[in-house]
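Student: Input: one structure, supplied below.
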Amino acid sequence: MHKYTLDREDTVLFVVDIQDRLIAVMKYKDQVIKNNLTLIKTAEEMNFPVIATEQYPKGLGRTAAELLELLDEENIFTKNCFTAYTDEVAAKLKALGKKKVLLSGSETHICVFQTARDLINDGYEVFLVRDAVCSRTKENFLNGLDLIKSMGGVITNTESA
């Protein structure tokens, strides 16, 4: 049952690419932003770290303003590839020493999926927050969830987490 247990001593919140231009085209953007705000505030209250990524911010904009004001700039990593598990992020996670990653962001079937795949492959336990991730289509969203679950990720939600 350890696989289904989160504890603040061993958890990091990882917010992937919730950026202005990208989130604007998501049907459930309000829910995703609201739930990520809750997750970030909870992480702060429970004293566990938060890291975030931005995919090509020059073209897709910065992290959504509501989230950005709660994040520490030194824990926001820029990337130009789909996976958010870049060398820089891998080094940060290693330095934090946490093995459970609470994962949120966009898009579920691309950047979030590839990030989950790479985290799991490197020995991390991934908890995907279903109501804090999104894709442009329902089919892609569901496909991303299925892929992550089939790799061993735990599918959870904001309130359960």
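Student: Over the chain, give the accessible area per residue in Å² for a 1.4 Å probe, as an integer.
Tutor: 51 Å²
Student: Turning to a different aspect of this structure: With runs of 4+ DSSP H residues as the only contributors, calculate the mean residue ellipticity of the chain at 222 nm using -39,500 (n - 2.57) per run, divided by the residue total and rounded to the nearest 500.
Tutor: Result for the chain: -11000 deg cm²/dmol, rounded to the nearest 500.
Student: In a shell of Cβ-Cβ distance under 14 Å around GLN114, excluding GLN114 itself, what net charge do Lys and Arg (+1) and Asp and Glu (-1) give?
Tutor: Neighbourhood net charge equals -2.
Student: What part of the accessible area of segment 37-161, given as a whole %, is carbon or sulfur when the probe is 1.4 angstrom?
Tutor: 48 percent
Student: So, one more: Just name one of THR38, ILE155, LEU96: the one whose Cα is farthest towards the positive end of the charge dipole of the chain (beta-carbon charges, Lys/Arg +1, Asp/Glu -1).
Tutor: In the chain, that residue is ILE155.
Student: Restricting the count to DSSP beta bridges whose residues both fall in segment 1-137, what percent are antiparallel, rounded to a multiple of 5?
Tutor: About 5 percent, rounded to the nearest 5.
Student: Would you look at the GNM of the chain, springs on alpha carbons closer than 10 Å, and say which of ASP87, ASP72, ASP17 moves the most?
Tutor: Largest GNM mean-square fluctuation: ASP87.
Student: Which residue, VAL89, VAL112, VAL16, has the most motion in a Gaussian network model of the chain that connects Cα atoms within less than 10 Å?
Tutor: VAL89
Student: Shape verdict for the chain, please, from the Cα gyration tensor: rounded (a/c under 1.5), prolate (a/b greater than b/c) or oblate.
Tutor: rounded
Student: In whole Å, how far is the Cα centre of segment 138-161 from that of segment 32-106?
Tutor: Value for the Cα centre distance between the two parts: 18 Å.
The values are calculated or read from the model by the stated rules, or taken from the named source; none is laboratory data. Here the structure is a predicted model, which is why all the values come from computation and not from measurement. Quick reminder, even Gly has a Cβ in these numbers, built from the backbone with ideal geometry, and neighbours come from all protein chains shown. To get the accessible areas, we keep the full protein, side chains included, count just its heavy atoms, and leave off ligands, DNA and RNA. Shrake-Rupley method; radii C 1.70, N 1.55, O 1.52, S 1.80 Å.
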